[in-house]
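The block underneath contains the structure these notes are about, expressed in structure tokens.
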Amino acid sequence: MSLLGIDVGTTGCKAVLFSEDGRALGSAYEEYDWSRPQPGWAELDALAVWEKVKRVIRGAAVAGAADPPRALAISSLGEAVVPVSARREVLGPSILNFDMRGEEFLQDLGQRLPSARLYPINGNTLGNHYSLTKLLWTRAHQPTLYERADKFLLWGSFVSFMLGAEPAVDYSLANRTLLFDLERGDWSDELLAEAGIERAKLPRTVPSGTAIGTLAPAVARELGLPAGLTIVSGAHDQCANAVGCGVIEEGLAVYGMGTYICITPVFRTRRPAQAMIERGLNTEHHAVPGAYVTFIYNPGGALVKWFRDTCAAAERDAARAARRDIYAELIAEVPAGPSSVVVLPHFAPTGPPAFIADSAGVLAGLRLETTRGDILKGILEGTAFYLKECVDGLPPTGIRIEEFRATGGGSKSDTWVQLSADIFGRPFVRPAVTEAGALGAALMAGVGCGVFGSFEEGVQAMVRLERTFEPDPARQAQYGRRFALYARLWPLMADYLRELTAAQRG
């Protein structure tokens, strides 16, 4: 029997059918775009994305005719929720984490839920990128929708629900709402009361790898899947990525190269709250029992997509028609050494430590001889430099990273992975299956249906490592000097960029 992993992201979804030893038997992928109905807004058409999710499942299922799947699970983006009725109707769009709506509630929430109170319960500091402020905005500005919604489901639980499971969300995704109690493994009565959110509006919480239902007969027929297929709770995409590349022990970290470039280190005990808060680091349940993760991230993959769509739209369309990899073609243009362009990657709200939302991106060092490849490499370097600043500040937390595992679409590029190893000065290991989110979801499906007795057993059976990229000492030294230039850019321009952003919004 095979296992089906489904990965639903911000800009695309995929479904991959895996054998029990980790071989991909068939897959399908669909891309989509978020919309911006107003400046500062960003949302997904949940019904349109659901149709694409069904399409990729059907595509992957074709390969399973001879080896039908026994179970499925979903890896998904975090924070964003979908309003649904009890009859499994989609009632509205899904507001994304970088949408500006909800900022109006931060001041009041900050007074009632300061970090010293919120972090011990939830493991997060207050921010507008979490679900809570979006729920408050919906209740205040779309009260009819809020009242009609039976549940607000994070994407992993939404897809499971639409497939036939009862409303349930795993611990890692539940944590992204700011309403979850890490120690109790349930919604926090204290945080729900402070926010005025009814528990009934949220699904029940379960550990990753828990059977939560079976595929509805009508959906099974529509998708070409076996009736009675077990639906298993998955995980937040970064946790699923970690499982799918074997990052389940301390000292290892995922370097996820998708829409967000996200570093996900693993640790077994909760770290000192103050040290974590000072660095803007969250604490979240890993999909693996007894482990935690934190996230260091920025929307670097979205910047690369912006570059593709802005600077290579014609080539993108031609490559798509010819089924060529446009990203590989563009990265082939980057120069051998460090770029002459320094990029401040503030094109969207940043991640830790400061979560800057009132800035803007900068391309510094442009000249008439600057090439398209220079700009792209500057973007790749700038997103890595941003993350390096955060990683360099980890020692007081006790979190250590000895090795990175590169996953996601960007990890297919040798150039990009080697650049990252040179900047961070640590080995980067690429697994045989770089779409680790789907593999991690499939592995969790195997745990939930009894194919594997534990996550460790599943990793041993399904995860294979392909290649190690060691840092080059000469290039590491070059990037050290370049990093020093990068680190001065935001302090020099902060006031100006904030004034410019305010003018743009005004």
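The values are calculated or read from the model by the stated rules, or taken from the named source; none is laboratory data. None of the values given here were measured: they were computed from a predicted structure. Backbone-built Cβ (ideal geometry, glycine too); neighbour counts: all protein chains shown. Areas reflect the complete protein model, heavy atoms only, side chains present, ligands, DNA and RNA absent. Shrake-Rupley method; radii C 1.70, N 1.55, O 1.52, S 1.80 Å.
Annotation: per residue accessible area for the stretch 111-247 equals 31 Å², rounded to a whole number [probe 1.4 Å, protein chains only].
In this model, which of Lys305/Lys388; Lys151/Lys412; Lys54/Lys388; Lys134/Lys377; Lys201/Lys305 are farther than 31 Å apart at the alpha-carbon? Beyond 31 Å: Lys151/Lys412; Lys54/Lys388; Lys134/Lys377; Lys201/Lys305. Panel note: the C-alpha atoms of the stretch 262-370, placed on their principal axes, show extents of 49, 34, 27 Å (largest first).
For His129, the accessible area of its heavy atoms, probed at 1.4 Å with every protein chain present, is near 30 square angstrom. Mind checking which of Ala61, Val84, Tyr29 is farthest towards the positive end of the stretch 1-148's charge dipole, using Cβ charges of +1 (Lys, Arg) and -1 (Asp, Glu) about the Cα centre? So the residue we want is Val84.
Per the Debye calculation on the chain with a single equal scatterer at every Cα and no solvent contribution, log₁₀ I(q)/I(0) for q = 0.05, 0.10, 0.13 Å⁻¹ amounts to -0.17, -0.74, -1.32. Listed values for the stretch 319-334 are Karplus-derived 3J(HN,Hα) couplings in whole Hz (6.51 cos²θ - 1.76 cosθ + 1.60, θ = phi - 60°), namely 5, 4, 5, 8, 6, 9, 8, 5, 5, 4, 5, 6, 5, 5, 8, 6, and x replaces Gly and Pro. Take every Cα pair under 8 Å whose residues are at least 6 apart in sequence, average their separation, divide by the length of the stretch 156-222, and the relative contact order is 40 percent.
Let me spell out the model: positive unit charges on the Cβ of Lys and Arg, negative unit charges on the Cβ of Asp and Glu, origin at the Cα centre of the stretch 4-161. What dipole size does that give, in debye rounded to 20? Present the calculation step by step, with values, prior to reporting the outcome.
Details: 17 positive and 18 negative charges, 65 e Å.
The calculated dipole for the stretch 4-161 is roughly 320 debye.
The Cα trace of the stretch 232-287 gives Rg and Dmax of 11.8, 36 Å, the first to one decimal, the second as a whole number.
Between Glu222 and Trp306, residue separation times 0.36 nm minus the direct Cα-Cα distance comes to 26.7 nm.
Counting only protein heavy atoms and a 1.4 Å probe, tell me what percentage of the stretch 1-100's accessible area is made up of carbon and sulfur.
Values: 1880 of 3710 Å².
The C+S portion of the solvent-accessible surface of the stretch 1-100 is 51 percent.
Protein heavy-atom surface of the stretch 240-366, 1.4 angstrom probe: 57% of the accessible area is carbon and sulfur, with nucleic acids and ligands not counted.
Taking the Cβ of Ala86 as the centre, find all other residues whose Cβ is under 15 Å away and add up their charges (Lys, Arg: +1; Asp, Glu: -1). Can you show the working numbers first?
Details: positive: Arg87, Arg88, Arg148, Lys151, Lys201, Arg204; negative: Glu89, Glu147, Asp150, Glu166, Glu198.
Value of the local net charge: +1.
Expressed as a whole number of Å, what is the distance separating the alpha-carbon centroids of the stretch 408-449 and the stretch 255-273? The stretch 255-273 and the stretch 408-449 have Cα centres separated by 13 Å. Between the amide H of Gly213 and those of Ile231, distances stay under 5 Å, these residues lying 5 or more places away or on another chain, with hydrogens modeled in the peptide plane. Each label was represented as a point 7 Å from its Cα along the Cα-to-Cβ direction; for Glu369 and Arg467 these points are 3.1 nm apart.
Remind me, relative contact order of the stretch 226-355 in percent, using alpha carbon pairs under 8 angstrom and six or more residues apart?
On the way: 150 pairs, mean separation 28.0, N = 130.
Relative contact order of the stretch 226-355: 22 percent.
In percent, rounded to a whole number, the relative contact order of the stretch 331-381 is 51, using alpha-carbon pairs under 8 Å and six or more apart. With a Förster radius of 35 Å applied to the C-beta separation of Glu389 and Glu104, the computed FRET efficiency comes to 0.70. Around the amide H of Leu154, modelled in the peptide plane, lie the amide H atoms of Val82, all under 5 Å away and 5 or more residues distant in sequence or on another chain. In this structure, the amide hydrogen of Leu179, modeled 1.01 Å from its nitrogen in the peptide plane, lies closer than 5 angstrom to no residue at least 5 positions away or on a different chain.
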